[in-house]
Amino acid sequence: MAASRNTLQLLLRFNTRMLERVVRGLLAGIAAVLLVATRASAEDPVAPGPTPAATPAPESWRGIYVGGGGIYSNVSVDVGNGGCYEDCYWGDYSHYDQGDDAVGYSVRAGLRVHRFLALEVSYLDPGSIRWDKNLVYMPESNEYTNNGLDFQAKVTEVSVLGILPLAPLESYLRVGAGFWDGQSTQRLDQSFGDKVITRDIHGNDTGLLLGVGVGVTVAKGLHVRLDLQSVGIDEDVLNAQHDTSLDSALLEVQYRFGAH
């Protein structure tokens, strides 16, 4: 399946457990950011009278920040609508299927260029995600197998954040690209026989990155943030036929240089 087709489909279809909340958050965040930005731009930036310039409030801080934290990740695979048989990998399984959650880490650097805008670069190591599925139809061998695989990936992300500051809280939406490199170690046991296949499948690509989050400033220069995000990955690396994504919840601590 072509990566471009997979990226376009990810815009419309996300896993039903985590990513439906992400989509709702994106829509609400976009409306809120646009509303606040429109009102702010309509105000006169020149204050009347000789009042001296005030120290910037925390929500108007601009500058560089770094941080990192822990990740709780999973994979989500579109396994069809339950109406496919010999032409599908996943038989009668329907909708989105998920593996076993894994724990990893993230590091991040960002630049707050405007009250409502930031640019970020991040690196994610989500750990090893286990995925087991029985009675999987394999078209290349015309047989059913019980699949077990361990998926590991490294992801470098570049993204833009639209921010709604409500000091000491702020919410945001994220749009960008995830440059991932991953490998799955697979064991395929013949469902109705004794044949066993073991193999390693490697893949790398660029996937659409979407996310929402909320943060709070807890001390001078210190900010704690919860982020929900999804990165599209190539379905072949998980032995799948349809849309696949790496979904993560991140809890991070950031230090903001020069913040008061």
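The values are calculated or read from the model by the stated rules, or taken from the named source; none is laboratory data. Bear in mind that the values here come from a model prediction, so they are computed numbers and not experimental data. Cβ sites come from the backbone with ideal geometry, for glycine too, and all protein chains shown count toward neighbours.
The residue of the stretch 203-260 that is nearest to Ser106 (Cα to Cα), among those that are among the acidic types (Asp, Glu) and at pLDDT below 95, is Asp247.
Look at (1) touching a residue at least 40 places away in the same chain (Cβ under 8 Å); (2) within 19 Å of Leu250 (Cβ to Cβ) and you find that Leu226 fails only one, number (1). Within the stretch 174-197, residues that are under 28 Å from Leu228 (Cβ atoms) sit with their Cβ atoms under 9 Å from residues that are polar (S, T, N, Q) and not in a strand (DSSP E or B), at 6+ positions apart or across chains, in these pairs: Ser184/Asn239.
Just name the residue that is modelled with the lowest pLDDT out of those in the stretch 98-119 that are in a strand (DSSP E or B), crowded, with 19+ Cβ neighbours inside 10 Å and not hydroxyl-bearing (Ser, Thr, Tyr). Don't jump to the end; show me each part of the working.
Initially, the stretch 98-119 is screened for residues in a strand (DSSP E or B), giving 98, 100, 102-114, 117-119.
Going one step further and asking which of them are crowded, with 19+ Cβ neighbours inside 10 Å, we end up with 102, 104, 106, 108, 110, 112, 118.
Subset that is not hydroxyl-bearing (Ser, Thr, Tyr): 102, 104, 108, 110, 112, 118.
Details: Ala102: 90, Gly104: 95, Arg108: 97, Gly110: 96, Arg112: 95, Ala118: 96.
If we take residues in the stretch 98-119 being in a strand (DSSP E or B), crowded, with 19+ Cβ neighbours inside 10 Å and not hydroxyl-bearing (Ser, Thr, Tyr), then Ala102 is modelled with the lowest pLDDT.
Annotation: Val237 fulfils all but one of (1) out of contact with any Gly (no Cβ under 7 Å at 6 or more places or on another chain); (2) crowded, with 22+ Cβ neighbours inside 10 Å; (3) not hydroxyl-bearing (Ser, Thr, Tyr); the unmet one is (1).
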